[in-house]
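Below is one structure; the comments refer to it alone.
The values are calculated or read from the model by the stated rules, or taken from the named source; none is laboratory data. These numbers were taken from a predicted model, which means no experiment stands behind them. With ideal geometry, Cβ positions are generated from the backbone for all residues, glycine too; neighbour counts draw on all protein chains shown.
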Amino acid sequence: MSAHTSILGVFEPGDGWLFRTPVGMKYLLLLALALPPIFIFSWWATLAALVLVLVALLSSGLGVRKIFNFGTYIWFFLALLTVYQLIGFRLEAAFVTPGNMLLAILAARMLTLTTSTADLLDALTRGLQVLKYVRINPDGVALMVALMLRSIPFLAGSIEDARAAARARGKERNLALLLTPAVVNAVAYAQRTGEALHARGLPEDG
């Protein structure tokens, strides 16, 4: 497919400071930037966190185009959220709500653009070892995250491709033409993924 632009971005090796930072520290940085504005819910907290995450990304050698290249449908959704809040005369929420969502995406891309998927999952597996004490398999949780990281670009690309095809026919407002191909592709993808996991003996019993 031609439109598989991932929300999380594609890792390419670099020499910026984020690339050299240990994965665990980057996870902590993500939480430190993304979580406080959600609880504070004030325009200044959201703005400050957005500035900090952008400074972190730009100072690591990532260009503006790569930082914000996560699909037009995300920008459309953020704009829709803003308009909805403005219609209700919730001026601060019109900035904070989409701003916090944008912050979460950029904070996640701070990890995924500067760290390979294998390193991300290895660090996550090590961090989740504590789950063994409550009888949760950390490897299984890491596998679910890996499937999520792989599935998001495909499903996002399916929607983008369906919209491009509908636009080419002059029927971009036809919901059936938009949703049907995306749903069919999603079901087929899920079936192929399940067959691949089953062929490898996953999930393991117990």
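Within segment 22-48, the only residue that satisfies the criterion of being closer than 16 Å to LEU113 by Cα and aromatic (Phe, Trp, Tyr) is TYR27.
Cβ-Cβ contacts under 7 Å between residues 6 or more apart (or on different chains), taken from a first residue in segment 67-79 that is on the phi > 0 side of the Ramachandran plot to a second residue that is modelled with pLDDT under 90, are listed as GLY71/THR5; GLY71/ILE7; GLY71/ALA156; GLY71/GLU160. When segment 82-131 is limited to residues that are hydroxyl-bearing (Ser, Thr, Tyr) and under 15 Å from the mean Cα position of the chain (by Cα), the one that is surrounded by the most Cβ atoms within 10 Å (Cβ to Cβ) turns out to be THR114. Residues considered: LEU121, LEU103. Of these, the only one that is of a type in the set (A, V, I, L, M), in the same structural domain as ALA56 (by TED's automatic domain parsing) and modelled with pLDDT of 75 or more is LEU103. The set of residues in segment 30-66 being of a type outside the set (A, V, I, L, M, F, W, C) and either on the phi < 0 side of the Ramachandran plot or part of a helix (DSSP H, G or I) (or both) consists of PRO36, PRO37, SER42, THR46, SER59, SER60, GLY63, ARG65, LYS66.
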